Structure formats: C-alpha cells, structure tokens
Amino acid sequence: MNIRMLMGLSCAVGVSAMGIWLSTTPAGFAQEKREAKTWVEFTADGKAKQPVGYRKWVFLGSPVTPNDMNDGEAPFPEFHNTYMDPDSFAHVEKTGEYRDGTVLVKELVAVGSKEESSGKGYFQGDFSGLEISVKDSKRFPKEPGHWAYFSFGHKYPLKAEATMNGAASCNSCHDKNATKFVFSDLYPVLKDSLQKAKK
Ligand code: HEC
C-alpha cells in the first residue's frame, strides 16, 4: 500500500466517522425522539401498557352515569374523566381530524358525596377504573376506523397491561353511536375545537 492509498483510506474513515458523529448529535437525537412520540406503549404481544401522566393531558370533560340512575350498576360506573394526548389535540385544533396515534383515556371515578355546601349533586369520590381507545392504522389495520379499545378494569388494583377488546364489545357501539368513533358532542372542549378547525 503506497502513501496515497493510505491517505485516501484514512480520509474515508475520517469522513464516515464524522458522518456517524453528526447523525447522533444530541439535537438530532432529541428531534427524532420528539417526532416519534407515542403516548401509550405496547408489549411485544400487542397488549397496551397502562398509560402514564395522562392526568396532565388535555381534559375533555366528565360524563357521569351514576349507578343509582342505572339500576344500581351502570355499565361504566359513575364519572368518566376523559383526556386526549396533547399532540393529537393540537392536531384536532389544526385539522379537525383524529391523527394516527390518537389516545383517549377514560378514567372512571366513583360518586363520593351527594350533598356539599354548594347544594345537592354528584361529587367525585375515588378513582375506580381505566379504559383507553387508540387510533392507529398500522397497528390496528383490521379494526373499524383503526380504533382499538382496552380496559384496565373497573376496580383497583387495575391491570398493568390490557388485551384489546373485540370490536363487538366496544368498537361497534362507538362506530354506531359516536361521530368518527369519538363522542365529541359530549365534550364541549373537543366539540368547540372541531368546529373552529372546520371554519
Ligand atoms: C353501549 C355503547 C358503548 C360501549 C359498548 C362502549 N362504549 Fe365507550 N363510550 C360510550 C359513550 C356513550 C361514551 C361517552 C359518554 C360516556 O362516557 O358515558 C363513551 C366513551 C368512551 C371513551 C372516551 C372517548 C370517546 O370515544 O368518547 C373511551 C376511551 C371508551 N368509551 C372506551 C370504551 C371501551 C374500552 C369499551 C369496551 C370495554 C367501550 N368504550 C364500550 C359508549 C360505549
């Protein structure tokens, strides 16, 4: 190997080493991570892991189906505190659509007291259950609307991981009765953003 070849070789190594260094700079890495943000994680066999931090997402509202108005046991007991992940809410505000990766959380809360100094009513008590819906055309190509539904249980301790419910037990009711699978008319925060995005 003559000196020219040697110089060429060391130069190539230098360039490719620099290439690697450049593509892994902290800024580039952070950017990549941000774009890939998903708000719920899945196990290798497709179970949803309990989402974390969702009480800081966008709060959509809290429908209430009290047990005492539903023969003592509502199908989804009592308050349903409902949240959407912030990236998907921003997307709704911009486009009026639910993006791939949208996560909705419905956290069930028992009715606590029915009378406070403000008057008679239904007041929130303790957390009692957790369900989510996730839209993802790549992960759920066969689910109607690409929405999949998971329940972590209706009493504590909740399951850490949940298997996807069959379409007949969740998806079909949402498909039939909601608008684009989400009961947006019941969440003024979401309804308003959808209407504004359409203007
Ligand atoms: C009989 C109809 C029906 C079935 C079955 C049903 N839901 Fe819903 N779901 C609703 C209604 C109505 C709302 C909004 C009002 C409320 O929370 O009471 C809702 C709201 C939700 C929300 C909040 C976001 C949204 O789409 O509005 C999630 C998450 C959810 N349901 C998950 C589930 C899961 C998981 C199952 C199956 C275990 C399920 N649902 C089965 C009717 C249904």
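The values are calculated or read from the model by the stated rules, or taken from the named source; none is laboratory data. Given the structure is predicted, the values throughout are model-derived calculations rather than measurements. Cβ atoms come from the backbone with ideal geometry, glycine included; neighbour counts cover every protein chain shown. Accessible surface is based on the protein model in full, side chains and every heavy atom, while ligands, DNA and RNA are left aside. Shrake-Rupley method; radii C 1.70, N 1.55, O 1.52, S 1.80 Å.
For (1) closer than 17 Å to Tyr149 by Cβ; (2) touching a Pro at 6+ places or on another chain (Cβ under 7 Å); (3) aromatic (Phe, Trp, Tyr), each residue gets a yes or a no:
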| residue | (1), (2), (3) |
| --- | --- |
| Trp57 | no, yes, yes |
| Ser62 | no, no, no |
| His91 | no, no, no |
| Gly101 | yes, no, no |
| Glu107 | yes, no, no |
| Lys120 | no, no, no |
| Leu130 | yes, no, no |
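Take Ser133 and decide whether it is in contact (Cβ under 8 Å) with a residue 24 or more places away in the chain and open to solvent by less than 70 Å² (accessible area, probe 1.4 Å).
So Ser133 passes the test.
Among the candidates Asp175, Asp185, which residue alone is closer than 17 Å to Leu60 by Cα and in a helix (DSSP H, G or I)?
The unique qualifying residue is Asp185.
Listed here are the residues, each with its yes/no results for (1) farther than 20 Å from Phe42 by Cβ; (2) open to solvent by 80 Å² or more (accessible area, probe 1.4 Å); (3) not β-branched (Val, Ile, Thr).
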| site | (1), (2), (3) |
| --- | --- |
| Gly166 | no, no, yes |
| Ser169 | no, no, yes |
| Cys173 | yes, no, yes |
| Lys176 | yes, yes, yes |
| Phe181 | no, no, yes |
| Tyr187 | yes, no, yes |
| Leu190 | yes, no, yes |
| Leu194 | yes, no, yes |
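Would you be able to say whether some residue in the stretch 171-192 is within 10 Å of the ligand (Cβ to nearest atom), within 18 Å of Phe89 (Cα to Cα), acidic (Asp, Glu) and out of contact with any Leu (no Cβ under 7 Å at 6 or more places or on another chain)?
Yes, the stretch 171-192 contains a residue that is within 10 Å of the ligand (Cβ to nearest atom), within 18 Å of Phe89 (Cα to Cα), acidic (Asp, Glu) and out of contact with any Leu (no Cβ under 7 Å at 6 or more places or on another chain).
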